[in-house]
Amino acid sequence: MDFRSALPLVWRAMFDANRSVIWSPPAPGLTKVNTDGAALSSPCAEGCRGVFRNCRAFVKGCFVVPLDHVFAFEAELLVASMAINFAWQNGWHRIWLESDSSYVVQLLSSCSEQVP
């Protein structure tokens, strides 16, 4: 049985996408987490995931969480929050969080306490 057939449709679509991605390692002492929230339409049943790696690309941990009916930007915010909590609980206090959501990047990069 192909492993993709056991995955939800959202995750299968991500595996089948034909796109080049170049992973950049973090500096020594940092843990890099790549996150993604996924949806077919909004709002709908979604999921999110995160993968934690060190500077040698060793996988330190990962998570996959199905979500109820939420909008795509909510899934992206939830996965960022989950990744930060997961890292903190595992003692990884210096992280580089990478997201494909410009909204999440802008929100976490701003010094303001107001949501943009």
For this session: Determine whether Leu77 is of a type outside the set (D, E, K, R) and more than 19 Å from Pro26 (Cα to Cα).
Result: yes
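Within the stretch 44-55, can you find the residues that are of a type in the set (A, V, I, L, M) and crowded, with 18+ Cβ neighbours inside 10 Å? So that I can check it myself, show each step before the final result.
So the first thing to find is which residues in the stretch 44-55 are of a type in the set (A, V, I, L, M), and the list is 45, 51.
Once the filter is applied, which keeps residues that are of a type in the set (A, V, I, L, M) and crowded, with 18+ Cβ neighbours inside 10 Å, the stretch 44-55 yields only Val51.
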For this session: May I ask you to list the residues in the stretch 56-105 that are touching a helix residue (DSSP H, G or I) at 6+ places or on another chain (Cβ under 7 Å), open to solvent by 40 Å² or more (accessible area, probe 1.4 Å) and in a strand (DSSP E or B)?
Result: Val65, Ile95, Leu97
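The values are calculated or read from the model by the stated rules, or taken from the named source; none is laboratory data. Please read all numbers here as calculations on a predicted model, not as lab measurements. For neighbour counting, all protein chains shown are included, and Cβ atoms are generated from backbone atoms with ideal geometry for every residue, glycine included. Surface accessibility is based on the protein's heavy atoms, side chains included, excluding ligands, DNA and RNA. Shrake-Rupley method; radii C 1.70, N 1.55, O 1.52, S 1.80 Å.
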